[in-house]
1. Only one of 97, 91, 84 is in contact (Cβ under 8 Å) with a residue 60 or more places away in the chain and either within 17 Å of residue 176 (Cβ to Cβ) or under 15 Å from the mean Cα position of the chain (by Cα) (or both). Can you tell me which?
2. Which of (1) surrounded by 18 or more Cβ atoms within 10 Å (Cβ to Cβ); (2) closer than 20 Å to residue 25 by Cα; (3) modelled with pLDDT of 75 or more does residue 186 not meet, given it meets every other one?
3. List every residue pair whose Cβ atoms sit under 7 Å apart, with the two residues 6 or more apart in sequence or on different chains, where the first one lies in the stretch 177-188 and is in contact (Cβ under 8 Å) with a residue 12 or more places away in the chain and the second, anywhere, is loosely packed, with under 11 Cβ neighbours inside 10 Å.
Amino acid sequence: MVEKEDLVGSAPANLVTTSPDPEPAALIARCAQGDQSALARLYDSTSAQVNGLALRILADQEMAEEITGDVYMQVWRSAGSYDAGRGSPLAWLLTIARSRAIDRLRASAGERKQPAPFELGLKAPSPEPGPEDSSALAQRRRFVRAALGRLSREQREAIELAFFGGLSHIEIADALGAPLGTVKTRIRLGMGRLRDALAGHGGLGS
C-alpha cells in the first residue's frame, strides 16, 4: 500500500539518477501493474507542475501539498483507466489536480459560508451522444488524434491542457513553466495547423 508520505519528498534534491526516467505514459502503465517505484518516479518528474497548479488555485501551500498527494493516490488507484488518446499524461494529472483543488476550494468556502470564485467553476459536461452519433463521433476523434500527432510536442501539450484538461492559459503557463505569451502562441499556431489538417474531413477544420 502506497502512503502519501512515501510520495512527498520521495527523492532527495541531490539524488543522482543513473538512467533517465521512462516516459510518463510508460510509468503510468507500470503503476497499473502495481509497480510502486514507477509511481515514485512519476511523482518525482511531474509533481512540481501538479503542486504548482494546486497552489495557484488554493493559495495555500499546505492544502496544495495535500492535494498533490491525493492526485498520485488517485493515479495509483486508477492508472489502468488512463487513455492516451484523450490527452497527455501531464494533461491527465493536471485535470485531476484541478478538479480536486476546486473541490477543496468549494468545501472551504462552504465552511465559511462563502461561494467559491465563479471563474474557477468547472464547465458543465456535454451530454452523451445518441447511438446514431457514435460512429461519426469516433471517426471525428480519430481525425483529431491524427492531426494532433502532427503538431510539435510543445503545441500538442498546450492544446491538450487547454481543451482536454480544461486549464486556462495562465494555468498552462504556470504548469509548464513557460511565459504566458509563449503558451498563447503555441496554442494559436497549433490550432491553425489543426484547422488546416482537418479542413478536408467533412468541415472539421472550419
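The values are calculated or read from the model by the stated rules, or taken from the named source; none is laboratory data. Since the structure is predicted, the reported quantities are computational estimates derived from the model, not experimental observations. Virtual Cβ from ideal backbone geometry, glycine too; neighbours counted across all protein chains shown.
1. Going through 97, 91, 84 in turn, the sole match is 91.
2. (2)
3. Short answer, once both residue conditions are applied: none.
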